[in-house]
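**Student:** Sending over a structure as structure tokens; questions will come in a sec.
The values are calculated or read from the model by the stated rules, or taken from the named source; none is laboratory data. Source: prediction; values computed, not measured. A quick note on method: Cβ atoms are made from the backbone with ideal geometry, for glycine too, and the neighbour counts reach across all protein chains shown. Note: areas computed on protein heavy atoms with side chains; ligands, DNA, RNA excluded. Shrake-Rupley method; radii C 1.70, N 1.55, O 1.52, S 1.80 Å.
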Amino acid sequence: MSLSVGIVGLPNVGKSTLFNALLKRQQALAVNYPFATIEPNLGIVPVPDSRLEELALVVEKNSGKKPPIKPATVEFVDIAGLVKGASQGEGLGNQFLAHIRETQIICHVLRDFEDENVIREGAVSPKEDLATVRMELMLADLTTLEKQVEPKGKVEKEAKLRWQIVTDLTGGIKNSLPASQVIAQHAANLDFEDYQQVAKELSLLSAKAELIVINVSENRLSQGVDNITQLFAQELGEPPEKVLVMCNQIESDVSSLSDDDAKLYLTELGLKQSGLERLIQGAYQTLGLQSFLTAGEIEARAWTIKKGCTARQAAGVIHSDFEKKIISVKVVSFVDYIQLGGLKGAKEQGRLRTEGRDYIMQEGDVVEFMIGS
């Protein structure tokens, strides 16, 4: 499975600067006037994972040939800035909301930096700006919901339930409740998964998981990421794990440096990780994702799966046929794989396990799937 993130926000809050930094190239037009992004920008970003290099070195030691490294990836979609009234045709961002309907998580970019050279276009404060964008997403969902047609006459039970869910979601949004909150109200009910499925079928924007990026100045960042994150979380009324504080200009600077220079630069700024790493980690955590690893002469690779995923389901991520034909899976922890010199060494030391198709995959499992004909 691939992870996809939609970047939204008001104009001139730093969305395109962040997007450019993430891709390490100027794919988006980041200039100082509203609606600079007039086409949705899509980019694939590798997930930073130092384990892959270690896997590749073990394979090289055993085979004499270092395999190519293929990290997991994240797709970022950057659309034009939304403005108040976008759902009624104001601005340009509403034209591109369809491009983020298929993303799994929405990343709100909010402005908290002062720069007289970068004009504001509707941005007031992080809290008010977040409320504005969320409202526009809900209004876009309302348009989708109101296009649904009530089933008439003698209809199946499933159709009646679907219409009830559509009605509930519509009523919730009209009362300023995002679809995610309406769905959460049914968390303890048997119809909870039905609510989730209808929202997914309709690609409701306000039902998606969220991350919030606060774009601050470099001076503000020097006060400490953790401290500022707590302050913004309180101000926004959001859990701290949903809030990421970063300086998008710093991220842009980091993206132009080599890995070693980037680490040195971040250390000088008192930062342990780049914004990219924190953003991707936040997305994985929010969506309940994890990685498993494969290593061989062909490639050393990371694969993204849901937590709780079985070996059968994980095999299907590699190839759909594998999910049907898997017999078993050989598993070793990443630490044992490295310390014992690969699968062969792990087997000799009794650390390589053979698990069945319903084995629950763990973060960092290094695996080899046994596939039947």
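**Student:** Would you mind checking which residues have amide H under 5 Å from residue 107's amide H? H placed 1.01 Å from N; only 5 or more apart, or other chain.
**Tutor:** Under 5 Å from the amide H of residue 107 lie the amide H atoms of 6, 7, 8, 211, each far enough along the sequence or on another chain.
**Student:** Could you tally the net charge around residue 324, taking each other residue with its Cβ under 14 Å from the Cβ of residue 324, Lys/Arg +1 and Asp/Glu -1? Don't jump to the answer; show the numbers that get you there.
**Tutor:** On the way: positive: 312, 325, 357; negative: 321, 323.
Overall, the nearby charge balance is +1.
**Student:** Counting only protein heavy atoms and a 1.4 Å probe, tell me what percentage of the chain's accessible area is made up of carbon and sulfur. Working shown, then result.
**Tutor:** Working: 9180 of 18790 Å².
Carbon plus sulfur share of accessible area: 49 percent.
**Student:** What accessible area per residue, rounded to a whole number of Å², is obtained for segment 165-281 using a probe radius of 1.4 Å? Before the final figure, lay out the partial values.
**Tutor:** Working: 5890 Å² over 117 residues.
I get 50 Å² per residue for this part.
**Student:** Which value in nm describes the separation of the simple spin-label points at residue 260 and residue 57, placed 7 Å from the Cα toward the beta carbon?
**Tutor:** 1.5 nm
**Student:** Name the long-range amide H neighbours of residue 328: under 5 Å, sequence gap of 5 or more, or other chain; modelled H, no Pro or chain starts.
**Tutor:** Amide H neighbours of residue 328: 370.
**Student:** Spelling out what I want: for every residue of segment 349-364, take phi, set θ = phi - 60°, compute 6.51 cos²θ - 1.76 cosθ + 1.60 (Karplus), and round to whole Hz; glycine and proline get x.
**Tutor:** Each residue's phi maps through the Karplus curve to give 9, x, 9, 8, 10, 10, 10, x, 5, 9, 4, 7, 5, 10, 4, x Hz.
**Student:** On to the next question. Got the relative contact order for segment 248-373 handy, in percent, Cα pairs under 8 Å and 6 or more residues apart? List each step's numbers first, then the result.
**Tutor:** Values: 174 pairs, mean separation 31.8, N = 126.
Relative CO of segment 248-373 lands at 25 percent.
**Student:** Once phi is turned into θ = phi - 60°, what whole-Hz ³J(HN,Hα) does the Karplus curve with 6.51, -1.76 and 1.60 give for every residue of segment 164-181, x standing for Gly and Pro?
**Tutor:** So the J values, rounded to whole Hz, are 5, 5, 4, 5, 5, 5, 4, x, x, 5, 5, 9, 6, 9, x, 4, 4, 6.
**Student:** Additional query: Take the Cα pairs of the chain, get the Kirkwood Rh, then feed it into Stokes-Einstein at 25 °C and 0.890 mPa s and tell me D in µm²/s.
**Tutor:** Numbers: Rh = 22.8 Å.
Translational D for this selection: 108 µm²/s.
**Student:** How big is the accessible area of residue 103 in square angstrom, nearest 10, if you roll a 1.4 angstrom probe over the protein chains?
**Tutor:** Taking all protein chains as shown, residue 103 has close to 10 Å².
**Student:** Please work out how much accessible surface residue 361 shows to a 1.4 Å probe, ignoring ligands, DNA and RNA, in Å² rounded to 10.
**Tutor:** Solvent-accessible area, nearest 10 Å²: 0 Å².
**Student:** Say the cut-off is 27 Å between C-alpha atoms; which of 174/307; 24/324; 157/325; 61/347; 160/208 go over it? Before the final figure, lay out the partial values.
**Tutor:** Values: 174/307 34 Å; 24/324 39 Å; 157/325 35 Å; 61/347 17 Å; 160/208 24 Å.
From 174/307; 24/324; 157/325; 61/347; 160/208, over 27 Å: 174/307; 24/324; 157/325.
**Student:** Another question about this same structure. What is the Cα centroid distance between segment 202-261 and segment 292-357, reported in whole angstrom?
**Tutor:** Segment 202-261 and segment 292-357 have Cα centres spaced 34 Å from each other.
**Student:** Mind grabbing the accessible area of residue 307 for me, 1.4 Å probe, Å², rounded to tens?
**Tutor:** 130 Å²
**Student:** Still on this structure, I have one more. How large are Rg and Dmax for segment 269-347 when calculated on the C-alpha trace, in angstrom?
**Tutor:** Reported Rg and Dmax, both Å: 15.5, 51.
**Student:** In terms of modelled amide H atoms, which long-range or inter-chain residues lie less than 5 Å from the amide H of residue 74?
**Tutor:** 45, 47
**Student:** Follow-up. Cα centroids of segment 266-284 and segment 145-174: how far apart, whole angstrom?
**Tutor:** 43 Å
**Student:** In what order, largest first, do 192, 19 sit by accessible area if the probe radius is 1.4 Å? Walk me through the numbers on the way to the answer.
**Tutor:** Details: 192 55, 19 0 Å².
The ranking, largest first, comes out as 192, 19.
**Student:** Something else now. Can you list, bin by bin at 5 Å, the percent of alpha carbon pairs in segment 120-213, starting at 0?
**Tutor:** Pairs per bin, as whole percents: 2, 13, 24, 21, 17, 11, 6, 3, 2, 1, 0.
**Student:** Report relative contact order for segment 148-273 in percent, whole number only (criteria: Cα-Cα under 8 Å, sequence separation at least 6).
**Tutor:** Values: 89 pairs, mean separation 22.2, N = 126.
Dividing the mean separation by the residue count of segment 148-273 yields 18 percent.
**Student:** So for 238, 323, what's the accessible-area order with a 1.4 Å probe, most first?
**Tutor:** Details: 238 30, 323 70 Å².
Largest to smallest exposure gives the sequence 323, 238.
**Student:** Helix-only estimate, please: 222 nm mean residue ellipticity of the chain, summing -39500 (n - 2.57) across DSSP H runs of length 4 or more and dividing by its residues, to the nearest 500. Show your work: numbers first, answer last.
**Tutor:** Working: 15 runs with 150 residues, N = 373.
Result for the chain, helices only: -12000 deg cm²/dmol.
**Student:** OK, next. Give me the distance in nm between label points sitting 7 Å out from Cα along the Cα-to-Cβ direction at residue 327 and residue 297, one decimal.
**Tutor:** About 2.2 nm, to one decimal.
**Student:** Tell me, what is the percent relative contact order of the chain, built from C-alpha pairs under 8 Å that lie six or more residues apart?
**Tutor:** Working: 673 pairs, mean separation 69.7, N = 373.
19 percent.
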